[in-house]
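Heads up: the structure comes next, in structure tokens.
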Amino acid sequence: MYVAIVFLPALGALIAGTFRAQLGDRGSQLVTCGAMGLSMILGIVAFIDVALGGNTRTIELFDWISSGSMQASWALKFDTLTAVMVMVVTVVSTMVHVYSIGYMSHDPHKPRFMAYLSMFTFAMLMLVTADNLVQLFFGWEGVGLASYLLIGFWYHKPTANAAAIKAFVVNRVGDFGFALGIFGVYILFDTVSFDAIFAAAASKQEASITFLWWEANAITVLSILLFIGAMGKSAQLGLHTWLPDAMEGPTPVSALIHAATMVTAGVFMVARLSPLIEYSADALTVITFVGAATAFFAATVGLCQNDIKRVIAYSTCSQLGYMFFALGVSAYSAAIFHLMTHAFFKALLFLGAGSVIHAMSDEQDMRKMGGIWRKIPLTYSLMWIGSLALAGVPFFAGYYSKDLIIEAAFASGSAVGEFAFWMGITAAVLTAFYSWRLIIMTFHGKTRASDEVFSHVHESPKVMTIPLIVLAIGAIFSGWLGYDLFAGDARADFWGPALLVLEGHDTIEGAHHVPLWVKLCPIIAGVLGIGTAYWFYMLNPSIPGKLATTFRPIYLFLLNKWYFDELYDAVFVRPAMRIGRALWKGGDGAIIDGFGPDGISAVARVLAGRAGRLQTGYVYHYAFAMLIGVIGFVSWFVLV
């Protein structure tokens with residue numbers, strides 16, 4: 001059963017991709033959706049058996065690498081952390097697969113798309129079931145490859161190609177740090193197996209390592225290097241620029257990347273390595289600071305975006321920041337709890353946005369929407385549910401997990417924890433504001449769409465709305481159902497040894513005893529954000545324009561995403577292009593080719609041309625040449 005969970009999506013991808021001509025569109029959809037549906041059912045059974053029943057297990061498939069002391073098996077590790085991730089990945093991916101049948105109905109390459117989706121899911125399942133760092137890296141690179149193929153699926157669009165390349169390149173930056181971290185872990189522990197690393201971590205907490213000509217605590221250096229990999233995959237501040245551009249892919253891809261795969265890989269990896277990272281206070285501080293800064297940054301940018309998918313994309317970036325600063329204050333179970341609840345309501349929001357785009361004849365600009373809620377009431381209601389969960393309104397899923405993270409940050413009692421607390425509160429206000437800005441601009445007021453577009457607005461087919469309903473159920477109930485297991489009194493028995501929190505680091509326990517005002521702050525923040533958005537966009541719709549004019553530099557700063565793309569273009573891209581052109585023209589062209597093949601051929605051509613001029617056609621010229629030759633030979637023999 002456990003092997004089937006992981007490899008059924010791979011089998012579906014292989015069949016749909018290889019035999020797409022024989023299967024056709026419908027056959028490929030049935031194969032991939034059927035395989036994913038069966039994997040989902042088995043994933044839920046595995047969650048009940050492993051997480052609720054406590055039957056953890058490791059299934060070794062075969063020996064993979066055996067070279068000296070380097071031993072790595074191909075094995076599937078199923079503990080509570082894996083079981084939670086498997087359930088989330090399979091449920092969300094299955095809904096995305098089914099939804100894609102309707103959303104991609106007019107695309108001519110449906111078998112290829114479905115195969116890519118299943119391959120993406122397989123890579124993520126390989127990642128979360130990995131028993132060692134090398135196997136985890138295989139799944140890590142697999143989701144990177146699949147995301148490149150899916151973001152650039154519409155390869156005829158230059159913007160999609162550019163976005164796919166950007167995602168691939170930016171992730172390579174993070175993956176370089178991740179690979180260095182894996183090498184360092186092997187050097188320090190002489191193994192890549194998780195169990196062996198975790199067993200020896202306590203004895204290595206004072207070990208040092210030389211890195212870039214300076215000596216530092218080994219676990220701190222390795223933890224930060226591994227975290228750099230997580231920054232790339234999970235789009236943390238500095239390596240986040242690929243995430244909004246990933247919206248160039250089809251909407252089901254956006255939902256899968258942002259909700260259950262790819263971006264959650266970094267959160268999972270840090271949680272998986274908690275028995276190692278817990279021994280480095282400095283690494284935890286770095287993770288907390290970066291996560292808190294990301295939550296605030298992305299929330300500010302989301303305020304001014306006009307593309308409906310980009311608003312939701314920046315909300316993903318912000319929510320990932322929450323998860324990371326939860327990891328940084330050792331609230332690992334709260335981070336995974338929010339990962340689970342976020343997967344449901346974020347997939348709901350993305351697929352709901354896809355339903356809106358489908359209804360609006362592929363229009364994504366919210367400034368060209370409005371006044372459509374009566375025409376698509378089901379999508380409108382489901383988008384409300386997703387937005388309520390995202391804003392942390394009681395008693396939706398986000399309320400339980402996001403509030404717990406904010407309270408845990410306060411309970412940590414550290415300066416960086418207090419910084420994360422206030423960044424989290426500020427981001428909560430902004431999140432509620434832009435969520436209701438999206439709702440009001442998209443569904444309310446007078447329509448800004450053309451008469452032709454507005455006349456064709458219609459509700460999506462059932463194959464698209466049923467997955468939305470399933471995800472909405474998760475967005476409503478997953479927080480309430482999971483709270484006691486993930487963060488309540490049952491959490492110790494539920495998680496077992498999957499997550500390690502050292503004595504004195506239990507911020508989850510501290511979160512239950514924070515002052516009342518701390519517990520009320522996230523709720524007040526949500527109400528304040530929603531109320532302000534209602535006032536700005538429903539009661540006084542002229543205010544946003546006046547503010548944008550009055551504070552134009554700030555508005556442009558946020559609209560242009562803090563100018564990170566322009567900064568990177570000036571600092572990295574253009575200098576690299578100038579260096580590359582100089583090496584191309586001056587190095588490769590002038591030196592290598594000039595003295596190499598081009599130079600030799602040019603010399604041969606010149607000599608041949610001069611020799612050709614000797615061929616005059618006059619007999620006495622040839623006789624003279626022969627005479628010179630004879631004299632040369634005679635001179636040679638006489639002198640030598």
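With charges set only on the Cβ (+1 for Lys and Arg, -1 for Asp and Glu), what does the dipole of the chain come to about its Cα centre, in debye to the nearest 20? Mind dumping the intermediate values first?
Numbers: 36 positive and 39 negative charges, 481 e Å.
That gives the chain a dipole magnitude of about 2320 debye.
How high is the relative contact order of the chain, in percent, counting Cα pairs under 8 Å that sit 6 or more residues apart?
Numbers: 1071 pairs, mean separation 79.0, N = 640.
It rounds to 12 percent for the chain.
For an R0 of 56 angstrom, estimate the FRET efficiency from the Cβ-Cβ distance between Thr159 and Val638 and round to the nearest 0.05.
Here the calculated transfer efficiency is 0.10.
Out of Phe297, Ile631, Gly142, whose Cα points farthest toward the positive end of the dipole of the chain (charges: +1 Lys, Arg; -1 Asp, Glu; placed on Cβ)?
It is Ile631.
Per the 1.4 Å probe, what fraction of the accessible area of the range 79-133, in percent, lies on carbon and sulfur atoms?
Exposed carbon and sulfur together represent 69 percent of the surface.
Carbon and sulfur atoms: what percent of the 1.4 Å accessible area of the range 529-595 do they account for?
Heavy-atom surface of the range 529-595 belonging to carbon and sulfur, 1.4 Å probe: 72 percent.
At a 1.4 Å probe radius, which order do Arg112, Arg448, Arg613, Arg581 fall into by accessible area, largest first?
Details: Arg112 55, Arg448 105, Arg613 170, Arg581 140 Å².
Of Arg112, Arg448, Arg613, Arg581, the descending order of accessible area is Arg613, Arg581, Arg448, Arg112.
Rolling a 1.4 angstrom probe over the protein heavy atoms, how many square angstrom per residue are accessible across the range 556-640?
Solvent-accessible surface per residue comes out at 83 Å².
Kindly state, to the nearest 0.05, the FRET efficiency for Asp307 paired with Arg610, given R0 = 56 Å and r defined as their beta-carbon distance.
0.25
Please give every one of the lysines within straight-line cross-link reach of Lys546, meaning a C-alpha to C-alpha distance under 21 Å, and leave out same-chain neighbours fewer than 8 residues apart.
Lys368, Lys446, Lys561
Taking θ = phi - 60°, what integer Hz values does the Karplus form 6.51 cos²θ - 1.76 cosθ + 1.60 yield along the range 62-74, in sequence order, with x for Gly and Pro?
With the stated coefficients, the range 62-74 comes to 6, 6, 9, 10, 9, 8, x, 7, 7, 10, 9, 9, 9 Hz.
Measuring with a 1.4 Å probe in the full set of protein chains, what accessible area per residue, in whole Å², belongs to the range 264-303?
Averaged over the residues of the range 264-303, the accessible area is 16 Å².
Computed FRET efficiency, Cβ-Cβ of Val573 and His456, R0 45 Å: what is it to the nearest 0.05?
The calculated FRET efficiency here is 0.65.
What order do you get for 502-508, 618-624 when each peptide is scored by the mean count of other beta carbon atoms within 10 Å, highest first? Display every interim value, and only then the final one.
On the way: 502-508: 16.3, 618-624: 10.1.
Answer by packing, highest mean first, reads 502-508, 618-624.
Going by Cα centres, the range 255-282 and the range 176-228 are how many Å apart?
16
Let me check something: with ligands and nucleic acids excluded, how do Val527, Val463 order by accessible area (1.4 Å probe), largest to smallest? Let's see the in-between values first.
Numbers: Val527 100, Val463 45 Å².
Highest to lowest solvent-accessible surface, that is Val527, Val463.
Less than 14 Å from a label point 7 Å out along the Cα-to-Cβ axis of Ser381: which backbone N atoms in the range 318-347 qualify, by residue?
Those under the cut-off are none; the list is empty.
Amide H neighbours of Phe211 under 5 Å, at least 5 residues apart or on other chains, H built in the peptide plane: list them.
HN-HN under 5 Å from Phe211: Ala216.
Taking only DSSP H segments of four or more residues, each worth -39500 (n - 2.57), what value at 222 nm results for the chain once the sum is divided by all its residues, to the nearest 500 deg cm²/dmol?
Value at 222 nm, helices only, nearest 500: -23000 deg cm²/dmol.
Treat each spin label as a single point 7 Å out from the Cα along the C-beta direction, and report the Val630 to Trp535 distance in nm.
If labels sit at Val630 and Trp535, their model points lie 11.4 nm apart.
Non-local amide H neighbours of Leu61 (under 5 Å, H modeled in plane, Pro and chain starts lacking H): which ones?
Result for Leu61 returns Trp74, Ala75, Leu76.
Which whole-number value in Å² is the accessible area per residue of the range 375-475, probe 1.4 Å?
Working: 3590 Å² over 101 residues.
With the other protein chains kept in place, the range 375-475 gives 36 Å² per residue.
When Lys and Arg each count +1 and Asp and Glu each count -1, what net charge do the other residues less than 10 Å away from Gly370, Cβ to Cβ, add up to? Provide the component values of the computation, followed by the final result.
Details: positive: Arg367, Lys368, Lys446, Arg448; negative: none.
Neighbourhood net charge equals +4.
I want the local charge near Thr264. Using Cβ-Cβ distances under 15 Å, sum +1 for each Lys or Arg and -1 for each Asp or Glu among the other residues. Intermediate results must be reported in sequence, preceding the final value.
On the way: positive: Lys233, Arg272, Lys346; negative: none.
Every neighbour counted, the sum reads +3.
The values are calculated or read from the model by the stated rules, or taken from the named source; none is laboratory data. Since we're looking at a predicted model, the values are computed, not measured. A quick note on method: Cβ atoms are made from the backbone with ideal geometry, for glycine too, and the neighbour counts reach across all protein chains shown. Please note that ligands, DNA and RNA were not included when accessible areas were found on the heavy atoms of the full protein model with its side chains. Shrake-Rupley method; radii C 1.70, N 1.55, O 1.52, S 1.80 Å.
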